[in-house]
Amino acid sequence: MRFITLVKFKKKPKDFVPANIKMIEEESKKGIKWLSIDWTLGRYDAVAIFEAPNEKEAMKMAVRRADFLDLETMVAIPAEEARKLI
């Protein structure tokens, strides 16, 4: 399953980036595939796109970061697959 997460920083990046990189490396070994992590200007500080085996694993990813990030995660369906539904 593909997910898109909108990110707001709760702390200064220098205070959490090393820990977040370590989590990404650990999660990559457990089936989460990070497709893109982009820092942004505007309402959100970053946008991440990742694949996870299911919603439970995506939620685990979000809960692990609750101390330093506010996350809004959505299930994403590729346009090709969505067009088949109409």
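Observations
- Candidate set from region 59-75 (those that are among the aliphatic types (A, V, I, L, M) and open to solvent by less than 20 Å² (accessible area, probe 1.4 Å)); member that is nearest to Ser28 (Cα to Cα): Met61
- Qualifying positions in region 31-58 - loosely packed, with under 11 Cβ neighbours inside 10 Å, farther than 24 Å from Lys11 by Cβ and within 10 Å of the chain's Cα centre (by Cα): none
- Once region 1-30 is narrowed to residues that are assigned to a loop (DSSP other than H, G, I, E, B) and touching a residue at least 24 places away in the same chain (Cβ under 8 Å), the residue that is most open to solvent (accessible area, probe 1.4 Å) is Lys30.
- Taken together, the residues in region 39-64 that are in a strand (DSSP E or B) and in contact with a Lys or Arg (Cβ under 8 Å, 6 or more places away or on another chain) amount to 3.
The values are calculated or read from the model by the stated rules, or taken from the named source; none is laboratory data. What you see is a predicted model, and the numbers here were worked out from it, not measured in a lab. So basically every Cβ, Gly included, is an ideal-geometry build from the backbone, and we count neighbours across all protein chains shown. For accessibility, only protein heavy atoms count, side chains too; no ligands or nucleic acids. Shrake-Rupley method; radii C 1.70, N 1.55, O 1.52, S 1.80 Å.
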